[in-house]
Amino acid sequence: MPTKSSAPQAPSRTLVIDNGAYTMKAGFSSAAGPEECRVIPNCMARDREKHVYIGSQLEKCKDFGDIVFRRPVEKGYLVNWEAEKEIWEHEFFEDKAPSHCDPSETGLILTEAPNALPVLQTNCDQVVFEEFQFASYFRCPGPVLNAYNDVQATFKGPARDPAKPVLPTEIMLLIDSGYSHTTVTPLLQGRPLQSAIRRLDVGGKLMTNYLTRLLSLRQYDMRNDTYLVNEIKEACCYVSRDFHADMEQTWKGTRGEKRVPGSIVKDYVLPDYHSRPKGYMRDHDPSTKKKLGVPGEAEDILTLGNERFTVPELIFNPTDIGLRQSGIAEQVMESLSVLPIGLWPALLANIIVVGGNANISDFIYRLQRDIRALAPAECIVRVARPADPILATWEGGAALATNTEALSTLSVTKQEYDEHGSAWVARRFGGK
Amino acid sequence: MIQHDLDANTITMINFGVREELAAKAAPAPGWAYVPDTGVNSSVTASQPSSRKRARNANPNTSSHDTTAKQDAKILRELAALDRESHRDVSIPVPIRHRDNAGRISHGKVTPAVRKILQSQKTFANHLSDYEALSALASALPQPSAPAPATPAIRTPGTTTPHPASTGKRTHRKRDLNVPPVSTPLRRVSTPSQLATPPPLNSESTTDAPMTDAPILSTDGIVPPASHPADNDPLLMSKIPPLPTQEELEKLLAIPPSSYNEARGEWTEEDRRKPIRKFCEVCGYWGRVKCTRCGGRVCALDCLTLHQEDCFTRYGA
Ligand SMILES: [Zn+2]
Ligand SMILES: [Zn+2]
């Protein structure tokens, strides 16, 4: 039985990739500490001039009108390796790659969404070792890496001792709300409690598409401008603290009794991709509406009322669009329901939310309130988000990589893969 | 569902506790009705994917059904559209010069396995149905000579039938919180040796893992440091249940991952009993008025007028 010590020295540098469907978060880390993390569009894109952009090349794009995307990650899972390889080559392996490395001298930490299909996991392992030939590799569900962040500091508690090696948080409940979906994962010592993982099929894509539909029905046809609608969503949407009151405030009233729109109603000035490359939100001005379509008028404006809060509401009330799932707070309780009740207090007191949707205004407030209403009265409910919920999973991976000993016990080396094969690797990473 | 034809100029409605005065100045238009939103859930289609509690979900309550097959189909269509990557079908091919590493510093020879992976244009849905077909096949096949090892060691006595043929059925989740939850047996084709393989962190290859012999949870450190008025209340302290034993935690951690469909969050029994919120299809406010031609909802006369123009062109007068 070969032991760790007989294996070649573990690579000193680790490439950490949180491979999301919308963006991948990637950068290096080592015992010396994490390096810079880049947020890279995980896509190939083609603009209306037929120019194709790969990954981070998209930042060179000036006109997002009618732009279309091809994404290798579908439903949260890495499905199309032809496209993903193209993006990885461009970002990591080509001579001029922005985060260049030689995989044979580099370790890899790669995230996947929980409950992945075994065939996709095997595909991934084979490409990593047989094509890219990374020296070592740790594949894990993204939520797991968050256990290596300083969770108590996120709850405004005392920060951990930077001199000590990074160890996983003892117990936490991690909610990851991204582009494809929202997952609930209880973690013990950085290990997922698999039977309690729950997925809500509401994510950023669904919300953007829903906003696209509402705007297209009510104002302009935005169906070929989902990139722009996503920006509108990020600029304007918020989670309502009082859905009924906000609904009243944004209603136009009846024919006989018009209401003055409240302060929730905002205008979004659309970009024209010439003098105004980016759109922005501002207070609603009823008089601007009449100028639309007037030649020489420079501004196209969308007015957002209840669209601002009915869109993120889908995470809390999926049945608003007929989706037969309970909302995120109920999913947290469903997750707990299969666990020993003795774990509930610690899990409910340590809920961390990561992923882009955690940035939606008042998301954390509402989630904590909704869970509070469902949880046993004796339990303290604490919900928090890290300083940057989009980078958090990557940061956890980068923290883990500073503890080279811990990482090497979790990783598989190229030599082990060559000796034992991909089925062994799959079991090693906890697959069935 | 009872429909009240509009026969008064002012109608008072109650929507989720919010009392609304509706001032309808115009004469009642034909073909629509005020509908109180007190309907019980069930209006969403039954053909959406269900998950673990498939058997329990099979028969959603059928009382007070106020949707039609046409509306259910519409919801399904709309959900499918909301799931799409883009409005149009797009194809962005990888630049030809890059295929099979041509013109690029290669990582070495492409292995046959990798070549197959790179050439695959299967979608997630393709892979998922492959997986389901394989699982169905595995559960249909008689389990060959796998008596003891096929039943995972984590199984708690009394929670499932030990008969191997029961693997095709999902066990309903137990609410008994004193018993560590169990997973159902694997439905994929698996050899007994695979099933018996302990998870990696317990295997001998990781005996040098620093935490192996340490307790999974210490009793200190998990209580949140932020103080709470009730933290030291002896009455409440005594109510907090004890932590599971080390052995129970190991059993929990040894449960293998659920499948994609099994992990899909439920529509809880309690939520099924709540009324589904209906919104105006024109402006997004509460959908208190129902168009009797198409079943669509609108908020009041302004939106009804707009809706009816659309409705006439779609369904005729
Ligand atoms: Zn309306
Ligand atoms: Zn109609």
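The values are calculated or read from the model by the stated rules, or taken from the named source; none is laboratory data. Everything numeric here is computed off the predicted structure, so don't read it as measured data. No Cβ is skipped: glycine too gets one built from the backbone with ideal geometry, and neighbour counts run over all protein chains shown. What goes into the accessible areas is simple: the full protein's heavy atoms, side chains included, and nothing from ligands, DNA or RNA. Shrake-Rupley method; radii C 1.70, N 1.55, O 1.52, S 1.80 Å.
Got a sec? Which of A:ASP201, A:ASP176 is under 15 Å from A:GLY355 (Cβ atoms), open to solvent by 20 Å² or more (accessible area, probe 1.4 Å) and either more than 8 Å from chain B (Cβ to nearest Cβ) or without any contact (Cβ under 8 Å) to a residue 60 or more places away in the chain (or both)? Quick ask: steps written out before the conclusion?
Details: A:ASP201 fails: either more than 8 Å from chain B (Cβ to nearest Cβ) or without any contact (Cβ under 8 Å) to a residue 60 or more places away in the chain (or both).
Exactly one of A:ASP201, A:ASP176 is under 15 Å from A:GLY355 (Cβ atoms), open to solvent by 20 Å² or more (accessible area, probe 1.4 Å) and either more than 8 Å from chain B (Cβ to nearest Cβ) or without any contact (Cβ under 8 Å) to a residue 60 or more places away in the chain (or both), namely A:ASP176.
So how many residues does region B:240-258 have that are in contact with a helix residue (DSSP H, G or I) (Cβ under 7 Å, 6 or more places away or on another chain) and either farther than 13 Å from A:ARG191 by Cα or polar (S, T, N, Q) (or both)?
Number of matching residues: 6.
In this structure, is A:SER275 surrounded by fewer than 17 Cβ atoms within 10 Å (Cβ to Cβ) and among the small types (Gly, Ala, Ser)? Reasoning before the result, please.
Working: surrounded by fewer than 17 Cβ atoms within 10 Å (Cβ to Cβ): yes; among the small types (Gly, Ala, Ser): yes.
Taking the combined requirement at face value, the residue satisfies it.
Would you be able to tell me the number of residues in region A:238-251 that are touching a residue at least 24 places away in the same chain (Cβ under 8 Å), open to solvent by 20 Å² or more (accessible area, probe 1.4 Å) and either closer than 25 Å to A:SER216 by Cβ or within 16 Å of ligand 1 (Cβ to nearest atom) (or both)?
Residues that pass the stated criteria total 3.
If A:ALA392 satisfies all but one of (1) in the same structural domain as A:VAL184 (by the TED database); (2) under 19 Å from the mean Cα position of the chain (by Cα), what's the number of the condition it fails?
Single failed check for A:ALA392: (1).
Out of all the residues in region A:219-237, which are in contact (Cβ under 8 Å) with a residue 24 or more places away in the chain and open to solvent by 30 Å² or more (accessible area, probe 1.4 Å)?
Within region A:219-237, A:GLN219, A:TYR220, A:ASN224, A:ASP225, A:TYR227, A:GLU231, A:GLU234, A:ALA235 qualify.
Any chance you could count how many residues in region B:274-313 are more than 8 Å from ligand 2 (Cβ to nearest atom), open to solvent by 30 Å² or more (accessible area, probe 1.4 Å), in a helix (DSSP H, G or I) and more than 21 Å from A:VAL265 (Cβ to Cβ)?
Number satisfying all stated conditions: 4.
Tally the residues that are open to solvent by less than 30 Å² (accessible area, probe 1.4 Å) and out of contact with any strand residue (DSSP E or B) (no Cβ under 8 Å at 6 or more places or on another chain), restricting the search to region B:242-253.
Narrowing region B:242-253 to residues open to solvent by less than 30 Å² (accessible area, probe 1.4 Å): B:244, B:249, B:252-253.
Adding the requirement that they be out of contact with any strand residue (DSSP E or B) (no Cβ under 8 Å at 6 or more places or on another chain) leaves B:244.
Number satisfying all stated conditions: 1.
Only one residue in A:ILE360, A:ILE371 is closer than 29 Å to A:PRO34 by Cα, not basic (Lys, Arg) and not assigned by the TED database to the domain that holds A:PHE28. Which one? First the steps, then the outcome.
Numbers: A:ILE371 fails: closer than 29 Å to A:PRO34 by Cα.
Among A:ILE360, A:ILE371, only A:ILE360 is closer than 29 Å to A:PRO34 by Cα, not basic (Lys, Arg) and not assigned by the TED database to the domain that holds A:PHE28.
If we scan region A:98-107, do we find a residue that is buried (at least 20 other Cβ atoms within 10 Å of the Cβ), touching a Pro at 6+ places or on another chain (Cβ under 6 Å) and either over 20 Å from A:GLN121 (Cβ atoms) or assigned by the TED database to the domain that holds A:THR183 (or both)?
Checked region A:98-107: at least one residue is buried (at least 20 other Cβ atoms within 10 Å of the Cβ), touching a Pro at 6+ places or on another chain (Cβ under 6 Å) and either over 20 Å from A:GLN121 (Cβ atoms) or assigned by the TED database to the domain that holds A:THR183 (or both).
So which of A:VAL425, A:VAL383 is under 27 Å from A:ILE351 (Cα atoms) and either open to solvent by 30 Å² or more (accessible area, probe 1.4 Å) or within 14 Å of another protein chain (Cβ to nearest Cβ) (or both)? Step through it out loud before you land on a result.
Details: A:VAL425 fails: under 27 Å from A:ILE351 (Cα atoms).
Being under 27 Å from A:ILE351 (Cα atoms) and either open to solvent by 30 Å² or more (accessible area, probe 1.4 Å) or within 14 Å of another protein chain (Cβ to nearest Cβ) (or both) holds for just one of A:VAL425, A:VAL383, which is A:VAL383.
Mind checking whether some residue in region B:246-256 is within 16 Å of ligand 2 (Cβ to nearest atom) and either outside any loop (DSSP other than H, G, I, E, B) or among the acidic types (Asp, Glu) (or both)? Show your work before the answer.
Of the residues in region B:246-256, the ones within 16 Å of ligand 2 (Cβ to nearest atom) are none.
No: zero hits.
Provide a single number: the residues in region A:42-91 that are surrounded by 22 or more Cβ atoms within 10 Å (Cβ to Cβ) and more than 11 Å from chain B (Cβ to nearest Cβ).
3
Restricting attention to region A:348-365, which residues are more than 9 Å from every other protein chain (Cβ to nearest Cβ) and under 16 Å from A:ARG382 (Cα atoms)? Give the steps one after another, and end with the answer.
Here is the first cut: in region A:348-365, the residues more than 9 Å from every other protein chain (Cβ to nearest Cβ) are A:348, A:351-365.
The answer is A:LEU348, A:ILE351, A:ILE352, A:VAL353, A:VAL354, A:ALA358, A:ASP362, A:PHE363, A:ILE364, A:TYR365.
Among the helices (runs of 4 or more DSSP H) lying completely within region A:262-358, list those that include at least 2 residues that are at pLDDT 95 or above and among the acidic types (Asp, Glu).
On the way: elements: A:307-310, A:313-316, A:328-337, A:344-348.
Those helices (runs of 4 or more DSSP H) span A:328-337.
Search region A:1-24 for residues that are more than 27 Å from A:TRP81 (Cβ to Cβ) and open to solvent by 60 Å² or more (accessible area, probe 1.4 Å) and pair each with any residue that is modelled with pLDDT of 80 or more and among the hydroxyl-bearing types (Ser, Thr, Tyr) when their beta-carbon atoms are under 6 Å apart and the residues are at least 6 apart or on different chains.
Between residues of region A:1-24 that are more than 27 Å from A:TRP81 (Cβ to Cβ) and open to solvent by 60 Å² or more (accessible area, probe 1.4 Å) and residues that are modelled with pLDDT of 80 or more and among the hydroxyl-bearing types (Ser, Thr, Tyr), the close pairs are A:SER12/A:SER30.
Restricting to region A:388-408, what's the tally of residues that are free of Cβ contacts under 8 Å to residues at least 60 places away in the same chain and either touching a Ser or Thr at 6+ places or on another chain (Cβ under 9 Å) or part of a helix (DSSP H, G or I) (or both)? I'd like the intermediate steps shown before the answer.
The first filter runs over region A:388-408 and keeps only residues free of Cβ contacts under 8 Å to residues at least 60 places away in the same chain, leaving A:388-389.
Still in the list and also either touching a Ser or Thr at 6+ places or on another chain (Cβ under 9 Å) or part of a helix (DSSP H, G or I) (or both): A:389.
Counting residues in region A:388-408 that are free of Cβ contacts under 8 Å to residues at least 60 places away in the same chain and either touching a Ser or Thr at 6+ places or on another chain (Cβ under 9 Å) or part of a helix (DSSP H, G or I) (or both) gives 1.
Please enumerate the residues belonging to region A:133-170 that are surrounded by 24 or more Cβ atoms within 10 Å (Cβ to Cβ) and over 19 Å from the mean Cα position of the chain (by Cα).
Answer for region A:133-170, where residues must be surrounded by 24 or more Cβ atoms within 10 Å (Cβ to Cβ) and over 19 Å from the mean Cα position of the chain (by Cα): A:PHE134, A:SER136, A:TYR137, A:PHE138, A:PRO168, A:THR169.
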